[in-house]
Every structure is written in C-alpha cells, then in structure tokens.
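Chemist: Structure provided below as structure tokens; questions to follow.
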Amino acid sequence: MSGPGVVLGTRVGPFAGCLDADLVRRWAAATADPCTRAQAGEAVPAVAVVTQIWDAQNAARAALVPQELQAAAASGVHGEHDVVLHRPIVPGEALRTWVEGHGSRPAGRNAVVTLRYVTVDAGDEVVAEQWWSTVYLGTTCDPAGEPAPDHAFPEDARARPAGAYGVAVDAGMARRYAEVSGDWSPHHFEVAAARRSGSDRPFLHGLCTMALCAQGVVELVAGGDPERVRRVAVRFATPMPVGERLELRLYDAGPRGYAFEAVCGSATVVSHGRAELR
C-alpha cells in the first residue's frame, strides 16, 4: 500500500464508561488477581482500564485505519500496548474515552499503526492514556505521525534483578477474560482459528497476559498496592498458550522504573516490558 497507515487530526468518541466495583471484582476474578482490594472491588488494577476501550477500538479501526491497508493485510496482530494512569481510578466514577490516530510506520514487510486513547473524568481531567499498536502483516505504509512512547528494555538492567513471579494460566482464563472484556476473538478458543493466527493451539488474550505481568509488578515492588502503578507497557512477542505457566522476570531500571520480560518455557511471551510506580 502507498500512503499513510492512519488518519491524523481526527478524534473519535467519546465513549462513556465506568469501572464500578462489580466490574473490578469480575476483572480480578478473570485474571486471578491475588490483591484482596481488587477482589473486593475497592482498588482498580492499572491494566483494568483496557475494559474502557473495546468499543472505541472497533470504531477507531473503521474510522482511522484506511480500508485499503486493512484489505491488503494478511491479518493484524496486537504488537504493543502502553497504559499510563495519571491518577488512580476511583471505582464507580464516570469516565469518557476519546481515540485518535497517533502514528504509523513501515516495519519490514509489515505496517505498524498506533492509536492513542485518552480517558477523562466528569471534570474533563485526563485519567488515563493508552497507546495500542497493531501490526498489519504482509502490507506496508508510509511513515506518519509520531512513534509510540519508548519502553525499550535497557540491557544494563539485567545486572539488577528485582524478583520473579509466576502464575498458572488455567484452561478457563481466556473465557473468563472474554466475559469481562468483550473480546471473543476465535483464536482464543478454537484450534483452527489459532493456527490461522500463527499458533498451534488457543492462546490467552494479550491484554490479559499484560494484566498478569502487572500483578507481578504489584506483588514484587509495589507492596501489594495496585494503585501505586502509574505505567505498564509491553511488546507482545509470542502468544501465551492456555494451560501453561507464565514466568515474569523483573529488573531495576533505575530512573526509568522497572524493566521486565515474561516467558513460557523457553519462549519469550512479553518483551520490552516497562513499569513505573508513583
């Protein structure tokens, strides 16, 4: 494809939402969150804000990503995600989310398109920002806009390990996450669909995998308090298979917060992870 991969200068929305106590409890149950305050619906885990952008994502893809690009692509995969919370979300508060094109760029034989989501409260103060980068496979585009915020893994952080955290991804986690997020993409449940996406078996949602990584950050360095987490960013390296165990490795990145990776066996599932605390 010739031309930019994203429409710039246009906002889509707003999309009304709310993370009430019941949704927070269901999120905690779906993601097996060990935090008792999240289980009780009293504290909102950082990655739970992704529940506010599913409708916005579908609308934005139609309005902001050229149909020519989508038609030319063999498929699209979630490449990276970055969540920044400007303050902790209060359970039950009214929220509204806008989405806009942030940037696009060629990446070898593929195209990377980044959309930016801004969630505000009743007073129009920004509560959260998210950058969702999709890799459109088998097609390319011209550079446009800005790259997504950097969260590259600093190699010198490997000399400063901060801990390890493991969690079992049980057979029902993908279904529970779909029920709370609205994402019923068939490759999370059907072998044939998973194979079309490059996996030999169904795999966990990327954002659920991201939530498991954030839980490790909370347990290892945030004193068990999810409201201390202000940023979580990841690159999805390979799908996380259902029925296996995710292992997080966390490192002290100095003034840049914490760097992390997550593996399943010998495969890297999440790379270039970044976490920042308040």
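Chemist: Scan the stretch 188-208 and give yes if some residue there is modelled with pLDDT of 95 or more, under 19 Å from R61 (Cβ atoms) and in contact with a helix residue (DSSP H, G or I) (Cβ under 6 Å, 6 or more places away or on another chain), otherwise no.
Modeler: yes
Chemist: For the subset of the stretch 55-85 comprising residues that are outside any strand (DSSP E or B), in contact (Cβ under 8 Å) with a residue 24 or more places away in the chain and under 30 Å from E227 (Cβ atoms), which member is most open to solvent (accessible area, probe 1.4 Å)?
Modeler: Applying the filter and picking the extreme gives D55.
Chemist: Given the conditions (1) open to solvent by 10 Å² or more (accessible area, probe 1.4 Å); (2) closer than 23 Å to R228 by Cα; (3) in contact with an Asp or Glu (Cβ under 8 Å, 6 or more places away or on another chain); (4) in a strand (DSSP E or B), which single one is not true for P88?
Modeler: Every listed condition holds for P88 apart from (4).
Chemist: Quickly run through the stretch 163-201 and pick out the residues that are under 27 Å from Q39 (Cβ atoms), in contact with a strand residue (DSSP E or B) (Cβ under 9 Å, 6 or more places away or on another chain) and crowded, with 17+ Cβ neighbours inside 10 Å. Outline the logic, then answer.
Modeler: As a first pass, look at the stretch 163-201 and keep what is under 27 Å from Q39 (Cβ atoms): 163-185, 188-189.
Now restrict to residues that are in contact with a strand residue (DSSP E or B) (Cβ under 9 Å, 6 or more places away or on another chain): 163-169, 174, 188.
Within the stretch 163-201, Y165, V167, V169, A174, H188 qualify.
The rows are residues; the columns are (1) out of contact with any helix residue (DSSP H, G or I) (no Cβ under 8 Å at 6 or more places or on another chain); (2) under 25 Å from I89 (Cα atoms); (3) of a type in the set (D, E, K, R).
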residue	(1), (2), (3)
A214	no, yes, no
A222	no, yes, no
R228	no, yes, yes
V232	no, yes, no
E244	yes, no, yes
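Chemist: Still on this model: Restricting the search to the stretch 9-25, which residues are within 23 Å of A222 (Cβ to Cβ) and crowded, with 19+ Cβ neighbours inside 10 Å? Break it down into steps so the answer makes sense when it comes.
Modeler: First, the residues of the stretch 9-25 that are within 23 Å of A222 (Cβ to Cβ): 19, 21, 23-25.
Within the stretch 9-25, L19, L23, V24 meet the criteria.
Chemist: Specify the residue that is surrounded by the most Cβ atoms within 10 Å (Cβ to Cβ); the eligible residues are those in the stretch 26-35 that are touching a Gly at 6+ places or on another chain (Cβ under 9 Å) and assigned to a loop (DSSP other than H, G, I, E, B).
Modeler: Result: C35.
Chemist: Applying the selection to the stretch 217-248, what residues are touching a Gly at 6+ places or on another chain (Cβ under 8 Å) and either open to solvent by 10 Å² or more (accessible area, probe 1.4 Å) or without any contact (Cβ under 8 Å) to a residue 60 or more places away in the chain (or both)?
Modeler: Within the stretch 217-248, V218, L220, V221, R231, R235, F236, P239, E244, R245, E247 meet the criteria.
Chemist: Considering only residues of the stretch 122-147 that are acidic (D, E) and within 30 Å of P91 (Cβ to Cβ), which is surrounded by the fewest Cβ atoms within 10 Å (Cβ to Cβ)?
Modeler: So the first thing to find is which residues in the stretch 122-147 are acidic (D, E), and the list is 124-125, 129, 142, 146.
Still in the list and also within 30 Å of P91 (Cβ to Cβ): 124-125, 129.
On the way: D124: 7, E125: 9, E129: 17.
Out of the qualifying residues, it is D124.
Chemist: What pairs come up if the first residue lies in the stretch 256-278 and is touching a residue at least 60 places away in the same chain (Cβ under 8 Å), the second is among the polar types (S, T, N, Q), and their beta carbons are under 7 Å apart, counting only those six or more places apart or on different chains?
Modeler: E261/T268; E261/S271; V269/T209; V269/T238; V270/T209
Chemist: Select from the stretch 148-162 the residues that are under 30 Å from G5 (Cα atoms) and open to solvent by less than 90 Å² (accessible area, probe 1.4 Å) and list them in ascending order.
Modeler: Kept after step one, since they are under 30 Å from G5 (Cα atoms), are these residues of the stretch 148-162: 148-154.
Passing the criteria: A148, P149, H151, A152, F153, P154.
Chemist: Within the stretch 257-278, does at least one residue satisfy the condition of being touching a strand residue (DSSP E or B) at 6+ places or on another chain (Cβ under 6 Å), closer than 14 Å to P45 by Cβ and of a type in the set (G, A, S)?
Modeler: For the stretch 257-278, residues touching a strand residue (DSSP E or B) at 6+ places or on another chain (Cβ under 6 Å), closer than 14 Å to P45 by Cβ and of a type in the set (G, A, S): present.
Chemist: Still on this structure: Yes or no: the stretch 92-99 includes at least one residue that is in contact with a Lys or Arg (Cβ under 6 Å, 6 or more places away or on another chain) and more than 30 Å from R37 (Cβ to Cβ). Show your work before the answer.
Modeler: Filtering the stretch 92-99 down to residues in contact with a Lys or Arg (Cβ under 6 Å, 6 or more places away or on another chain) leaves 98.
If we keep only those that are more than 30 Å from R37 (Cβ to Cβ) as well, we get none.
Within the stretch 92-99, not a single residue is in contact with a Lys or Arg (Cβ under 6 Å, 6 or more places away or on another chain) and more than 30 Å from R37 (Cβ to Cβ).
Chemist: From the residues in the stretch 249-278 that are in contact with a Gly (Cβ under 9 Å, 6 or more places away or on another chain) and charged (D, E, K, R), which one is least open to solvent (accessible area, probe 1.4 Å)?
Modeler: So, considering only residues that are in contact with a Gly (Cβ under 9 Å, 6 or more places away or on another chain) and charged (D, E, K, R), the one least open to solvent (accessible area, probe 1.4 Å) is R274.
Chemist: Test T134 against the stated conditions and say whether it is outside any helix (DSSP H, G or I), out of contact with any Phe, Trp or Tyr (no Cβ under 7 Å at 6 or more places or on another chain) and under 23 Å from M210 (Cα atoms). Working first, answer last.
Modeler: On the way: outside any helix (DSSP H, G or I): yes; out of contact with any Phe, Trp or Tyr (no Cβ under 7 Å at 6 or more places or on another chain): yes; under 23 Å from M210 (Cα atoms): yes.
Spelling it out, T134 is indeed outside any helix (DSSP H, G or I), out of contact with any Phe, Trp or Tyr (no Cβ under 7 Å at 6 or more places or on another chain) and under 23 Å from M210 (Cα atoms).
The values are calculated or read from the model by the stated rules, or taken from the named source; none is laboratory data. Keep in mind the model is a prediction, meaning the values are calculated, not measured. Glycine gets a Cβ as well: all are built from the backbone with ideal geometry, and neighbour counts include every protein chain shown. Surface accessibility is based on the protein's heavy atoms, side chains included, excluding ligands, DNA and RNA. Shrake-Rupley method; radii C 1.70, N 1.55, O 1.52, S 1.80 Å.
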